[in-house]
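As structure tokens, the structure follows; a few thoughts come after it.
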Amino acid sequence: EITLVIYVNRNSVVTVGGFDDWLDFGDGTRMLVPEIPDSELVDAELGVGKVTFTVLHTYAGHGTFQVRYDEGHRNEGVVNMTESVTTPFGIETHFVIEPWICNSSPYLLVPPVDRACSGVAFQHNAGAVDPDGDSLSYELVTPIHANDYLFPNDDKFYSDFQTGNEENTNVPMFIVDPVTGTITWDAPDLSGPYAIALKIVEWRLDPVIGGWIRVGHVIRDIQVIVEDCNNRKPELAIPENICVLAGAKIQFTLPATDPDGHVIFVEVFSDAFSLN
């Protein structure tokens, strides 16, 4: 069972699927994804929606397969990509089918459209959860099909690259923590939408060889909208790790304050909310 999840601009007339939008199964076969005009509302202010399409596919035998979805065009005006509107959009998952390996790809809880302010350090985490309990590692890669792609902290996007971080003391940094998956961009400068691609790799401990084997990966495409805003980040008081007996009730608060006195809206993404 293959599920395709695409986040869209609900204010656009362009839909997911239709002419030349292919789902490739990685075994020499592919299908056109039907046009899907409706989307689930994710962010009313940004006009972000989510489209989900599921299909069953039977593979002839075991092997390693790369499933990819391609659309003909990205949104227009992506800052760190040449002619983004004529650049195809692509995402993929790579997995192994063997008689002794049963595997599901990780799923990603946090929407891949986020906002940042010029001059302020930005962080984003995809909220990856692996249903098989596989260990996940993270790396930043070039988006699929991207032409003349530049990472967001390239000096081309800065008025003063040497003091481009939030403290104005050093060059800007763009990294991902390989263990937690948190992307840090310290800090954006030039306004506009930026494209980021995150590769999430699944590792499983093989008792036969006594080491870790790679059983798959997912490449997610993320868009960060940098705005020229005079704003300071809210501060969230994260509690210490909580350890309880199974079945015990956990209850705690997440106090937050905003240095500018703005209203704060707190969202929490966790696989715990989907448990019975």
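Of the residues Q223, N80, P37, the one whose Cα sits farthest towards the positive end of the charge dipole of the chain is P37 (charges of +1 on Lys and Arg Cβ, -1 on Asp and Glu Cβ, taken about the Cα centre).
Sorted largest first by accessible area at a 1.4 angstrom probe radius, with every protein chain in place, the residues V110, V14 fall in the order V14, V110.
Before anything else, pin down the relative contact order of the chain: Cα pairs under 8 Å, at least 6 apart, normalised by residue count, whole percent. Result for the chain is 16 percent. Ignoring aspartates and glutamates fewer than eight residues from K156 along the same chain, the ones with Cα atoms less than 18 angstrom from its Cα are E83, D148, E166, D186, D189, E227, D228.
Each Lys and Arg contributes +1 and each Asp and Glu -1, all at the Cβ; summed about the Cα centre of region 149-234, the dipole is approximately 440 debye. Taking chymotrypsin sites (Phe, Trp or Tyr not before Pro) as exposed when DSSP calls them loop and at most 14 other C-beta atoms lie within 10 angstrom, the chain has its longest site-free stretch at 101-251. Element breakdown for the chain at a 1.4 angstrom probe: carbon and sulfur atoms account for 53% of the accessible area. For K156, the accessible surface of its heavy atoms amounts to roughly 140 Å² (probe 1.4 Å, protein chains only, rounded to the nearest 10). Over the chain, accessible surface divided per residue gives 59 Å², non-protein components excluded, 1.4 Å probe. Sparse packing (at most 15 other Cβ atoms within 10 Å of the Cβ) combined with a DSSP loop state is found for the following trypsin sites (Lys or Arg not before Pro) in region 202-276: R232, K249. Taking GluC sites (Glu not before Pro) as exposed when their DSSP state is a loop state and no more than 14 other Cβ atoms lie within 10 Å, the longest site-free interval of the chain runs over 84-166. Exposure check, 1.4 Å probe, all protein chains in place: L109 carries approximately 50 Å² of accessible surface. Taking all Cα pairs closer than 8 Å and separated by 6 or more residues, the relative contact order of region 35-112 comes to 24 percent.
The values are calculated or read from the model by the stated rules, or taken from the named source; none is laboratory data. Quick caveat, the model's predicted, so the values are computed rather than measured. So basically every Cβ, Gly included, is an ideal-geometry build from the backbone, and we count neighbours across all protein chains shown. What goes into the accessible areas is simple: the full protein's heavy atoms, side chains included, and nothing from ligands, DNA or RNA. Shrake-Rupley method; radii C 1.70, N 1.55, O 1.52, S 1.80 Å.
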